[in-house]
1. In whole percent, how big is the carbon plus sulfur part of the accessible area of the stretch 1-97, probe 1.4 Å, protein atoms only?
2. What FRET efficiency comes out for the pair residue 66/residue 208, r = Cβ-Cβ distance, R0 = 22 Å, nearest 0.05?
3. If you place +1 on the Cβ of every Lys and Arg, -1 on the Cβ of every Asp and Glu, and leave all else neutral, what size is the dipole of the stretch 522-623 about its Cα centre, to the nearest 20 Debye?
4. Would you mind computing, in nm to one decimal, how far apart the modelled labels at residue 397 and residue 80 are, each placed 7 Å from Cα along Cα→Cβ?
5. For the stretch 18-31, in order, what is each residue's ³J(HN,Hα) by Karplus, 6.51 cos²θ - 1.76 cosθ + 1.60 with θ = phi - 60°, in whole Hz (x at glycine and Pro)?
6. Please give the charge dipole size of the stretch 4-326, origin at the Cα centre, charges +1 on K and R Cβ atoms and -1 on D and E Cβ atoms. Round to the nearest 20 debye.
7. Just to confirm a number: summing +1 for Lys and Arg and -1 for Asp and Glu over residues other than residue 444 whose beta-carbon lies under 13 angstrom from that of residue 444, what do you get?
8. Quote to one decimal, in nm, the extra length available between residue 177 and residue 539 on full extension: 0.36 nm per residue of separation minus the C-alpha distance between them.
Amino acid sequence: MEKTFYVTTPIYYVNAEPHIGHAYSTLAADTLNRVYQCLGYATRFQTGTDEHGEKVVQAAHKEGIEPKSYVDRISGLFRQTWSDLDIHPDRFIRTTDADHVRVVTHLLNKVYEAGDIYFSEYEGQYCLGCERFYTDRELVEDLCPDHQTKPTLVKEANYFFRMSAYQDWLIDHIKKNSEFIRPERYRNEVLSFLSEPLEDLCISRPKSRLTWGIPLPFDDRFVTYVWFDALINYLTGLDFPQGDLFPRFWPSVQHIIAKDILKPHGIYWPTMLKAAGVEPYQHLNVHGYWNMDQTKISKSLGNVIRPKDLADRFGIEAVRYFFLREMVFGLDAQFSEEAMIQRINADLANNLGNCFSRSLTMIEKYCQGVVPQTGETGPAEENLKQLARQARETVQLEAQRLAFHKALMSLWELVDEVNKYIDSQAPWALAKDPGKNPRLMTVLYHLAETLYRVSLLLFPFMPRTSLQMRQQLGLEENQGAPEWETGKNGCAIPAGTRIRKGPALFPRIETGNPKPDSTPPSRKAAAVSISETLSLEEFQKWDLRIAKVLSAERVPKSKKLVKMEVDLGEKRTLVAGIGEDYNPEELPGKTIVVVANLEPTKLMGVESRAMLLAARDEGGLKLIVPEEKILPGTRVK
Ligand code: MSP
């Protein structure tokens, strides 16, 4: 039978630009999706944007534009952000999509016909931020617990979903399915909520108050309340009720959310599904908040960090690693740049990066860059194989439970063991004694094999690094998910494979003082190593120009960075790491060479729109300057 897997993120409100809180849920879903791909499942991954409601209308009016133009813009930003982070969902859904409007209408009719929607008057405390009514019990000192604002007393006639009718069924379902809502703390939270009588759910807004929504099919004076509209996106993405996606993927659906929207997902959604005659989801996976200085990161609190900025600064892979390694799924986590730099330097540059590069260097040095045939193995190799098997089991188990930090910890324990193996076997000593050559080959083979296994297991968490490692190990370029099941690739690296050692996987980041190495990938592309050849066509893409330095000053708090205004036919600002070799005072008037067509990037908050050419030898860094004065802006060929 086909093994299938379907994962969703919340669909994000378009009243805020994407920040790292949104990025985490999307990254967790992407990672889980890749885990299941490695396990041989047919997978489906959906994210998107939630575009109806009063908040959106207000935000659009604030910008003086129509809601549709507004939602198109912000939704586009979300889509772009995921693509920037190398996250490619199978469906990016928008609640303004025509098929979604059809599915919501279908579901409303179904529940209405079943007699579970009725008309009545209601008065309650309404939080505009959450777009929902709060009971007195839920408020904290009369304030919305999420927005810390006072809700408004609203009285109006509306349609209601008879949610209370499904309370007993839901309690029973949660009790019978211990992992329906996980981790357990959130299951308990929902059960505790359900220990009090459940109120029915208001599912409409009068058009007099709100027009930006899906009209109720049975009363066009009303539009659908955001949650009854939004939650249904998970069905729309499978073409519910027709087609073959729904029967194929719905039985294995898992939602990923943060604790802020536990109630709609833990209570409204399963009861809505039950009323519509649809099986409930398989798992609701709930994570905690990313906080900064103990405060939740959110637009309303004004402390957002844009995922793209982090990726530009540290690289996508380091960002993925940090978020997946640092948060214990279910608990809150602290974001700080220092913690991030520390993880990059300790775990990525020192540990994995160093282990990989020293291993490849030894294969280059002692066996001409070709993975050797293994000789007889001993306890040290058996131990390594056993640890690699264990790591694989742990990664499979823990990642499926969303304990990504544990999966990564076990992988890094394996890397530690590889480092210990190198130290204990000392290949450099074996190399000195020709009699020990078979042993040397055995050690080098096992280094390559274990690192290959690490690269396969790393795929869901750091897909690019996994690929880069496999490429450097000289194995087929396979962009997709590696098959983890034994037998397919067996995790063995064939003897005779020619390795292709490349640049370091992760350059170290100097605190508060980024080296040219730690510049974002778009700039790193400029660092072409001499051994790599470049076609003429590729070379012609580089727009090198003569530039004259107009002014120069140090970037505050940085020893290395110097900000310059240059004339390269037009005036540009560039930031260069030359502050330890040049005094800014001596730069104005100099004629230099710059790469003029790199993507702009920010270094310590200053935007750089070109990159200068320089070379370093023992004597220090020297700028590349023309022999004689040339007009600024002249193309260098
Ligand atoms: N539109 C609703 C969801 C409808 S789903 C049918 C919504 N949107 S939201 O834009 O507010 O997104 C909330 C979600 O964004 C959280 O559940 C979580 O996935 C993510 N996060 C937003 N801020 C976050 C943190 N500070 N930390 C962790 N996740 C965060 O609610």
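The values are calculated or read from the model by the stated rules, or taken from the named source; none is laboratory data. Just so you know, these numbers come straight off a predicted model, no measurement behind them. Here Cβ is always computed from backbone atoms with ideal geometry, including for glycine, and neighbour counts include all displayed protein chains. For the accessible areas, the whole protein counts, side chains as well, though only heavy atoms, and no ligand, DNA or RNA atoms are used. Shrake-Rupley method; radii C 1.70, N 1.55, O 1.52, S 1.80 Å.
1. Working: 1520 of 3230 Å².
Answer for the stretch 1-97: carbon and sulfur cover 47 percent of the accessible area.
2. On the way: r = 19 Å, r/R0 = 0.88.
That pair, residue 66 with residue 208, gives E of 0.70.
3. Values: 17 positive and 16 negative charges, 70 e Å.
Taking the Cα centre of the stretch 522-623 as origin, the dipole is about 340 debye.
4. Placing both labels 7 Å beyond Cα along the Cβ direction yields 4.5 nm.
5. 3J(HN,Hα) across the stretch 18-31, in whole Hz: x, 10, 5, x, 4, 4, 4, 4, 6, 5, 4, 5, 4, 5.
6. Details: 36 positive and 44 negative charges, 93 e Å.
Approximately 440 debye in magnitude.
7. Working: positive: 358, 365, 436, 439; negative: 364, 381, 449.
Local net charge: +1.
8. Numbers: separation 362, 0.36 × 362 = 130.32 nm, distance 6.02 nm.
The residue 177-residue 539 span can extend by a further 124.3 nm.
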